[in-house]
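These notes are about the structure you will find just below.
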Amino acid sequence: SVLEEDKPKLRDTIRGLKEVGDSADIEYRVRHKDGTVLDIIGKIQMLEENGELIYQRFLFDHTAQKALEARKMLQEQGRQTEMIRALCAEYGAVYLVDLDKGMAATCRLDKEVTEGQGSVFGREVSFQEKMERYVEAHVYGPDKELLRQAASLEQLMEDLYRKEACHTNFRTVDNGKIEYVQMKAVRSGSCDSAHFIVL
């Protein structure tokens with residue numbers, strides 16, 4: 001009844017038990033005669049009984065739990081999509097930043113930002129390199145170090161570990177014209193594990 005694609009890992013797990021007392025936990029799927037597929041958590045242990053080695057299996061059907069986890073994940077993804085959509089309406093540039101890998105993906109750049117900063121943020125380089133190029137090209141001198149510190153991966157991770165969102169106000173200067181800008185960073189999911197933020 002085990003699904004074809006799960007049979008090799010189940011066989012390998014069983015073959016890995018060599019001595020009395022060896023045990024292993026494994027997740028796999030089975031198909032009932034009515035076609036229903038169930039998610040199984042199995043514990044397999046090698047025992048000795050009447051001088052013979054036997055495999056003892058304990059099976060737990062966790063199909064309902066798996067379905068609940070999938071629904072929760074979809075709800076979380078929906079919440080994150082709504083958050084990004086809301087930020088996109090309010091901000092001219094929105095990025096999804098992977099704090100672990102140090103890379104940023106562009107979610108939105110409005111026309112004004114694309115014309116002014118597209119050359120800085122459009123390249124395939126690390127997030128820190130993109131920020132440094134932005135600081136050098138657009139940020140008003142006295143605010144450069146402020147933004148460098150606020151946009152460092154370490155600072156963003158520290159700030160968003162304690163709270164859902166943080167922001168930094170700074171000034172930009174282009175062609176002698178000074179503008180006031182806000183960078184807002186929002187945690188995306190659990191900062192304990194995912195380390196993704198929307199900036």
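The values are calculated or read from the model by the stated rules, or taken from the named source; none is laboratory data. Not measured: the values here are computed from a predicted model. Each accessible area value is taken on the protein alone, full model and side chains, heavy atoms only, with ligands, DNA and RNA left out. Shrake-Rupley method; radii C 1.70, N 1.55, O 1.52, S 1.80 Å.
Structure values in brief
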| read-out | value |
| --- | --- |
| Probe 1.4 Å - accessible area at SER1, Å² to nearest ten | 100 Å² |
| Heavy atoms of PHE170: accessible area, 1.4 Å probe, square angstrom to 10 | 10 Å² |
